[in-house]
1. With contacts defined as alpha carbon pairs under 8 Å and 6 or more residues apart, what's the relative contact order of the chain in percent?
2. Taking 7 Å along the Cα-to-C-beta vector as the label spot, tell me the residue 43-residue 456 distance in nanometres, rounded to one decimal.
3. With a ≥ b ≥ c taken as the square roots of the eigenvalues of the C-alpha gyration tensor of the range 153-307, please select rounded if a/c is under 1.5 and otherwise prolate if a/b is larger than b/c or oblate if it is not?
4. What ranking do 150-160, 82-92, 259-269, 368-378 get when scored by the average of other Cβ atoms within 10 Å per residue, highest first?
5. Extension gain residue 145-residue 260, at 0.36 nm per residue separation less the Cα-Cα distance, in nm?
6. What distance in nm separates the simple spin-label points at residue 118 and residue 233, each placed 7 Å from Cα in the Cβ direction?
7. What percent antiparallel are the DSSP beta bridges of the chain, to the nearest 5?
8. What is the distance in Å between the Cα centres of the range 317-356 and the range 221-267?
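Bear in mind that the values in this text are calculations on the coordinates, not laboratory data. Owing to the predicted nature of the structure, the values given are computational and were not obtained by experimental measurement. Cβ placement follows ideal geometry from the backbone for every residue including glycine, while neighbour counts extend to all protein chains displayed.
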Ligand code: NOJ
C-alpha cells in the first residue's frame with residue numbers, strides 16, 4: 001500500500017533529541033541528573049518541538065565508559081532513579097506527544113556484568129560462550145577503536161588462561177552473537193523495555209555487533225538485524241531502530257536491508273557530517289554536495305539521521321589525511337582539542353568562534369537536509385564544551401538551564417557535580433536556556449522556529465532530494481519534492497553576500513516562492529527561473545507554491 005500519511009512512519013519526520021539523564025537535570029540535589037529531574041523538563045522539550053527523546057545509557061554501570069559499560073540490561077542506575085521514575089518520564093513524554101528511544105548497547109557488556117563474572121571464573125562456566133575466547137589472538141589483529149588508550153582488542157585472562165575479545169575498552173568484553181542464547185537474551189531485553197513503553201532503540205556500534213567471531217560461520221550476519229527488527233515489530237508495530245553505522249555509504253545500504261528494507265529504520269549520516277565540516281572549513285559546500293550526491297537510495301520506509309555533533313568525538317575518520325588536517329587546522333588548532341588522531345573534542349559554537357551567522361546557517365542546514373534531524377542536548381542554546389576536561393567527554397557537561405548556581409542543573413556543592421561546568425565565555429552566565437527563552441532573538445528561539453518549519457514541511461523527511469546546479473560560489477542549493485509539496489533550501493557557506501540564479505524547471509504559471517522564515521513572496525516565471533539574494537553565511541527556505549496551493553503553513 002502506498003504510504004500517503006506522513007505521520008505513519010514517525011521516524012521519517014521526527015525531531016530527535018539526545019540527552020544523558022545524569023547531566024540533564026538533578027531533582028534530588030546530589031549532583032547527578034536523574035529521571036525525576038528529566039520529568040520536570042519534558043515541557044521544555046515539548047515546547048522546543050522535540051518529538052522523540054533518545055536517552056543515552058542509564059543502566060547500572062561501573063561507569064568506565066560513561067554508561068556504555070552495562071552491568072545489568074534490565075536495571076536503572078540507582079543514582080538516576082528507579083523503574084517507576086523511568087515510566088513517569090515515558091508517560092509524561094507521551095502525554096506531550098513525544099516518544100522515547102533508548103540506547104541499546106549489546107555489542108559488549110561491562111566486565112562487571114554477572115555473565116562475564118561467571119564466564120571468567122572457569123572455562124566450564126555456563127556463560128563462557130557468551131563471550132569470545134581464544135588461546136591466542138589471531139595473527140591479523142583488528143585495529144583498536146581507541147588508539148592511545150588500548151593497544152589491542154584482545155586481553156589475556158590470567159585465571160582461565162585465554163584471551164577475550166573487546167573491540168572497545170578492555171573492560172567491555174564483546175558478546176558472542178553467534179551464540180543463540182545471547183541472541184535470545186538480547187531479544188528479551190528489547191521486549192522488556194518495549195513493554196515499559198519505549199518506541200525503539202538507538203543501536204550502538206552496529207557493524208561490530210553483528211559481526212560473528214572470527215572463523216565462526218553464522219551465514220549472513222545481517223540475519224541478526226532482520227531478526228531483531230522482526231521481533232521488535234511483532235512486539236510494537238511502529239517501534240524503530242536507529243543505528244550507529246560509520247561505514248562507507250555503499251556498505252550502509254546493507255544495514256537498511258538493501259532496497260527491500262527490514263533492518264535499520266534510520267542510520268546516522270556520518271559521511272555527510274564529516275563532509276559538512278570540511279565544507280565549513282573551506283567555506284565551500286563542494287564536499288557536502290559530493291556527499292549528498294553520493295548518498296545511496298534507501299528503502300522508502302527508512303531514512304538518514306542528520307547530525308552536527310554527538311556525544312562522542314567529532315570523528316573525521318572518513319576524510320583523507322590531508323582533508324582531516326585541513327579541518328583540524330581550522331577547528332582544532334590546539335593538539336589538546338583532538339583525540340584518537342581522528343576527532344575533535346569541541347562543540348560547534350566554539351569551533352565557529354561563536355559567530356551567530358555561521359551557527360544559525362549550520363542549524364538551518366541541519367533541519368533542511370533530507371532526513372531526520374538529531375540534536376545533542378545543549379545545542380539548542382549554543383553550549384560550548386569544557387576545555388578543562390580531556391578527551392571526548394568534554395562535551396558531556398551539565399545542561400545549562402539558568403545563570404544560577406551550577407547553571408540551574410543542581411543545587412549540590414559544585415565539587416559534587418557529575419561533570420564540571422564550563423567557566424569560559426560559554427559558562428551558564430552567558431549561555432543558558434532561561435535567558436534565551438525570554439529573548440526573541442536567541443539561538444533557542446531560532447531553533448524552535450526551525451523545528452516548527454521542519455515539522456510542517458514533511459517533504460524534508462519524506463521527499464525526493466536533489467542538489468541544484470547554479471553558479472554562485474559558496475552556496476548549497478537543494479530541493480525536496482514529495483506529494484505534500486516542494487521546497488528549496490539555500491545555504492551560503494561563504495563570508496560574502498551572493499546572488500543565486502535558480503532554475504527550477506518549468507512550473508505552472510503564477511507559481512510563487514514563499515520564504516518560510518519571513519514574509520517575502522517571490523514570483524517565479526513559468527520557466528521556473530529567479531534570482532535570490534543571500535547574506536554572508538545566509539540561508540533561505542523557499543516553498544514552491546503553485547496557484548491554488550492550499551497549504552497555510
Ligand atoms: C559508541 C558510543 O557512542 C560510544 O560513546 C561508546 O564508547 C562506544 N559505542 C562503546 O559502547
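1. On the way: 1150 pairs, mean separation 67.3, N = 553.
After rounding, I find 12 percent.
2. Result for the modelled spin labels: 2.4 nm.
3. oblate
4. Numbers: 150-160: 15.3, 82-92: 17.1, 259-269: 22.2, 368-378: 25.2.
The packing order, highest mean first, is 368-378, 259-269, 82-92, 150-160.
5. Between residue 145 and residue 260, full extension yields 38.3 nm more.
6. Inter-label distance under the simple model: 3.3 nm.
7. Numbers: 42 of 69 bridges.
In the chain, approximately 60 percent of DSSP beta bridges are antiparallel ones.
8. If we compute the Cα centre of each part, the gap is 31 Å.
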